[in-house]
Amino acid sequence: MFKNHLKIAWRNLKTNRLFSIINILGLSLGIAITLVLFVFISNERSFDQFHEEESNVYRVLLHTEDEAFVQEIWAGSPAALAPALKSEITHVEHAARILKSGFGENAYIKVGNHNFVETGLYWCDDELFEILKIDLLNGNRTDLDRPNTVALSKRTAEQYYGTVDPIGKTLKLDNRINLEVVAVYKNFPQNSSFDFNAIASFSTLPFYKDQSWSNASFETLVQFEKGISVPSTEQQLQQLVDKNVDKEDQWYSFSLQPLEKIHLYSAGFSDSFAARIGDINEIKNLSLLAILILCIACINYMNLTTARSQKRSKEVGINKTLGASKGSLVTQFYTETALLTLISMGIGVLMAALALPWFNQLTGQDLNQSMFLDPASVLAFIVIWVVTTGIAGSYPALYLSGYSPKSALSPSLKQDSSTILIRKGLVVLQFSASVILIVGILVVYQQIQFIRNQNLGFEPENVIAVSAASINEENDRTALIQEFKGISQVTAAAMAQGFPGMGVSLNSIYKNDDDKRGLDIQTNMADSDILNVLGLRLLAGTSLPKIKQENDTLIEIVLNKKAVDYLGFTPEEAINKQVYINRKSTIVGVVDNFNFASLHEPIGAYAFTNRRTEPKSFVLVRFTGFSQDLLKHLEAVFKKVAPGSVFDYSFLDKNIEKLYEREQRTARVGIFFCALAIFVACLGLFGLAAFMAEQRKKEIGIRKVLGASILGITQMLSREFIKLVLLALVIAFPIAFWLTNRWLQGFAFKITIGWWVFAIAGLTAILIALFTVSFQSVRAALSNPVKSLQSE
């Protein structure tokens, strides 16, 4: 019986080639997109799942709230927390602190005469090896208890030492710290949130014995015993805070984040050292998009099959007259659908495999075709095939098999109104989804353009940031600045702790002695020329002093207007006032507000200071007319002043753009898949128009004989579809507005959605539908009426 159903299914596919090709192409595209997105989503959800005890490992998060009740979540926590967890909470098995070298910046390694830029060196407690169950290949991790020791990943050890055994060898960090290699461990996989290329002993740092609960620059990983209560443990964390921090100084609280959620649930967290951060909202959106495109393809199949029901009715009637049961007919139609979807699945897998390298380039991923052979992927393919068959074949099978023999064989059989209504509803649903996608892409693109063109309050163009972390002598730093300023294309240069787009030191500024909460403020150690380099507008006072004596204990600061407004001064009134930021500081200048962080966040308080507590790790250079010759000149000067250092640089405007990589990726992926979704929807519309033109060919022939014009016939055939598209616009516009407005709430600076966005989306949908339908309509109108009527 099944073999017979299969033969009939294959015969029907060959007999109705146009509809078979349309269905196969639509389903193949839908399946290919679903498979690519499935592999991407599976990879994103696999992060940190390889750790043996990942379900018992948590990261401690820190929650803050400023005077305006703006809440933030930090991945950093105090250095005193990990020791306190081990000594005061009984069900803690291990706890470790993590600090990325240079508080998140690159490290500079010297091995013999070779220099390396290291992006993944971390200072950690040795218990990290127990928490993450890191596999040692050589050496002993307990040696990391000693100061000035480091463990290297296998890949890093080979990069530094080649085939030589690195154990016992010494490398130099940032030209000032010698570290002995005591262990080599297995490389962390690509689906790890942390890129631990090198793990140096935390006991090397002065923070090792620091019992401060105020500085929250360290990530804390903790492994608990199995079966803990997270709410109860978080209460114990609060009790730790109450015990060690005075009530008026408690500016934060703690929570626990499971290790497996670090990758997808940390977007927007401050001070995170995780190297690879995803976004659960992106995963949800792409999952919805994959389902949407697959459903559109299934709707095409359902529409085209039910539209052809009149042709299949006699087949159903004859089969039922000969004794075929409804179940047998349902099986037959499902077999036909299963065969078509199986062919589509094969083509879809091939499309997905060919498209994967391009998808990697589009999204910056590193997926490979071997992922399609994973057991989970193979199971997913089978599930997709079964689900697609079930959805696409459901209505045709149940509807066609429901004909009675008498009505099925009747020459006057017409499709009932409910069938036509359902088919129209499916077309409306398709184009509603397409319009929502078009509106979404327009809004995302417009927001990205708004970000690019936003006046940030400073001038990031034509500024290069050169790392000076490996230059330790003050004389060398001064010489480097002077040499850079001597280059003809350089207009200004200054040393600074950091620059806009990266985090610097977070402190609090207070109005007076009664102000216990204060305002969060970013403080940046910098030279006098920093205002000129960044192109900041000075509202009052001057910049920082050009010269500061070694024994000068006076601290001068330049505040932005946000900080001065909080203090209750005008810019002019603020000059020479003293404020408290860790220590008393004198305001010497006020600059206008500028966006030193992402436009996702409102402008905060900022200060440039000459307090000597943090290293000035960068030389910021403003230039005119960039060229490769300028870059070579800067590198030559750098190598002349610091011959043992690596010339590591970045452009300020490019660093700013990196803040919006996620949005740009969303736009790129969205535009492409939106176009595919619309194309798949148009395939169905094209098929329906072709069927309608074929079904009404005799009517068209009579109208032409009676004098109807080609334009009139085209309008007659297109009018019904345009009505459906207009109805789709009415449904789609409110949904699209709600969704895009919700997305925009993630930005402190955002566009206002204009009416023209919906006008463009609506006009685009109408033109696409009109073009798709008109092609078949014109073709039908141009046909010879004699051929249309010769069978009458």
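The values are calculated or read from the model by the stated rules, or taken from the named source; none is laboratory data. These figures come from a predicted structure and were not determined experimentally. Here the Cβ is made from the backbone with ideal geometry for all residues, glycine too, and neighbour counts use every protein chain on show. SASA here: full protein model, heavy atoms, side chains in, ligands and nucleic acids out. Shrake-Rupley method; radii C 1.70, N 1.55, O 1.52, S 1.80 Å.
Brief remarks follow.
- Ranking by accessible area, most exposed first, for TRP756, TRP385 with a 1.4 Å probe: TRP756, TRP385
- Note on surface exposure: VAL435, VAL730, VAL641 rank VAL730, VAL641, VAL435 by accessible area, highest first, 1.4 Å probe.
- Surface composition of the stretch 443-554: carbon plus sulfur atoms contribute 43% of the solvent-accessible area (1.4 Å probe, protein chains only, all chains present).
- If the chain linking SER212 and GLU661 were pulled fully straight, counting 0.36 nm for each residue of separation and taking away their Cα-Cα distance, it would gain 158.1 nm.
- Reachable aspartates and glutamates, given that their alpha-carbon falls under 13 Å from the alpha-carbon of LYS100 and they are not under 8 places away in the same chain: GLU118, ASP125, ASP195, GLU219, ASP271
- Carbon plus sulfur fraction of accessible area for the stretch 576-645, probe 1.4 Å, in percent: 51
- For the stretch 337-378, the solvent-accessible area of protein heavy atoms averages 49 Å² per residue (probe radius 1.4 Å; ligands and nucleic acids excluded).
- Split the accessible area of the stretch 70-132 by element, probe 1.4 Å, and carbon with sulfur accounts for 43%.
- Summed side-chain charge close to ASP279 - residues other than ASP279 whose Cβ falls under 14 Å, Lys, Arg +1, Asp, Glu -1: +2
- Distance between the C-alpha centres of the stretch 255-269 and the stretch 623-655: 37 Å, rounded to the whole angstrom.
- Mean accessible surface per residue for the stretch 545-686, computed with a 1.4 Å probe while every protein chain stays in place, in Å²: 46
- Ordering of 271-277, 87-93 by packing is 271-277, 87-93, highest average first (other Cβ atoms within 10 Å, averaged per residue).
- Placing a pseudo-label 7 Å from each Cα along the Cα-to-Cβ vector at ILE291 and LYS584 gives an inter-label distance of 6.3 nm.
- Modelled this way, with points 7 Å down the Cα-to-C-beta line, the labels at GLU225 and GLU573 are 5.9 nm from one another.
- FRET efficiency for the PHE771 to THR64 pair, using the beta carbon distance and R₀ = 51 Å, is estimated at 0.40.
- With both labels modelled 7 Å from their Cα along Cα-to-Cβ, the ASP513 to GLN49 distance reads 5.9 nm.
- Calculated FRET value between THR752 and ARG719, using beta carbons and R₀ = 30 Å, to 0.05: 0.25
- Rounded FRET efficiency, nearest 0.05, which uses the C-beta distance separating ALA675 from ILE731 and R0 of 22 Å: 0.55
- Stretchable slack from LYS261 to ASN455, in nm (0.36 nm times residue separation minus alpha-carbon distance): 66.3 nm
- The slack in the chain from THR613 to GLU93, taken as 0.36 nm per residue of separation less the alpha-carbon distance, amounts to 183.7 nm.
- Solvent exposure of the stretch 123-210, expressed per residue, is 42 Å² of accessible area, with all protein chains present and a 1.4 angstrom probe.
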